[in-house]
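For reference, the structure discussed in these notes is given below.
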Amino acid sequence: MQQSVPSFTDQLRAARWSAVHLEMRDVYGVDNEVDDFRTWQQTGQRDLDPGSAYWAPWVGLVQEAVGRGLTLRRARVVSEPVTEYIRYEYAGTVVNVFAGEQVRWLPRRQASDLALPGNDFWLFDDQIIRWNHFSGDGASTGQEVSEDPADAKLCADAFEAVWSRGVVHDQYEVH
């Protein structure tokens, strides 16, 4: 039976003190980025306007969450040299930071001895996991929610391990 998954917006709004996001893929192919990524590939220019149609919904959601006291952290484990997609992602991260996210980058070689879950995730208040599933080419294949305490602990520990080794966004250099 297919699990009913609440919207990300609802989950973020329900979080009381923290939301952390661990990204571990070198390529994503999610639908809402296709045009922006193509433009960046063709021009080298990335939409960096927090008020643009592309960014405004995310910026507003993050600012609302941070404004009510939520800590929002994102950590990315990346292979080096980085992929073209990671360069694109890096170029836009200034908007994530502007919105109120804290972002760190960890070269994959420095994560070899860390126990990491098999999928990207969001973890809300150290209790609720939103697993993000992707196909081999990076297309989203859905989300799943878990409140299993052992899984939540695995995610919290993995995130903190990556976070403690990660490089703050404005100090990380893409290689």
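Values quoted throughout were computed directly from the atomic coordinates according to the rules given, and no laboratory measurement underlies them. Please read these numbers as outputs of a predicted model, since none were measured by experiment. Heads up, the Cβs are rebuilt from the backbone with ideal geometry, glycines too, and the neighbour counts pull from every protein chain shown.
Based on DSSP H runs of at least 4 residues, each adding -39500 (n - 2.57), what is the mean residue ellipticity at 222 nm of the chain after dividing by all its residues, to the nearest 500 deg cm²/dmol?
Rounded to the nearest 500, it is -11000 deg cm²/dmol.
Listed highest first by mean packing, meaning other Cβ atoms within 10 Å per residue, what order do 73-81, 7-15 come in?
Per-residue Cβ counts within 10 Å, averaged per peptide and sorted highest first, yield 73-81, 7-15.
Under 8 Å for C-alpha pairs, at least 6 residues apart: give me the relative contact order for the range 73-157, rounded to a whole percent.
Once normalised by length, the contact order is 23 percent.
For a quick check: with amide H placed at 1.01 Å from N, whose amide H comes under 5 Å from Val103's, ignoring anything fewer than 5 positions away on the same chain?
Sorted by chain and number, the residues that satisfy this are Arg74, His169.
Ranking request for peptides 155-163, 128-136, 110-118: highest mean number of other beta-carbon atoms within 10 Å first, then the rest in descending order.
Those peptides, ordered most packed to least, come out 155-163, 128-136, 110-118.
For labels at Arg108 and Asp148 in the simple 7 Å Cα→Cβ model, what's the distance in nm?
For the pair Arg108/Asp148, the computed spacing is 2.5 nm.
Pop a pseudo-label 7 angstrom from the Cα along the beta-carbon direction at both Trp17 and Val168 and give the gap in nm to one decimal.
2.3 nm
What residue among Gln11, Val34, Gly142 has its Cα farthest toward the positive end of the dipole of the chain, where the charges are +1 on Lys, Arg and -1 on Asp, Glu, each on the Cβ?
Gln11
At R0 = 25 Å, how high is the FRET efficiency between His175 and Asp47 if r is their beta carbon distance? Nearest 0.05 is fine.
On the way: r = 24 Å, r/R0 = 0.97.
Calculated value: 0.55.
Could you pull out every residue, at least 5 positions away or on a different chain, whose amide H is within less than 5 Å of the one on Ser18? Hs are placed 1.01 Å off N in the peptide plane, and Pro or chain starts have none.
For Ser18, whose amide H was placed from the backbone, the distant partners under 5 Å are Thr71, Asp125.
Around Phe121, which amide H atoms from residues at least 5 apart in sequence, or from another chain, sit under 5 Å from its own amide H, with H modelled in the peptide plane?
Amide H neighbours of Phe121, under 5 Å, 5+ apart: Leu22, Asn132.
Along each of the three principal axes of the Cα atoms of the range 54-109, give the extent in whole Å, ordering the values from largest to smallest.
Taking the Cα atoms of the range 54-109, the three principal extents are 37, 23, 11 Å.
Taking Cα centroids, how far is the range 113-140 from the range 14-76 in Å?
16 Å
Taking the Cα centre as origin and putting +1 on Lys and Arg beta-carbons and -1 on Asp and Glu beta-carbons, what dipole magnitude results for the chain, to the nearest 20 debye?
320 debye
Can you find, among Thr83, Trp58, Asn96, the residue farthest towards the positive end of the dipole of the chain? Put +1 on the C-beta of Lys and Arg, -1 on that of Asp and Glu.
Asn96
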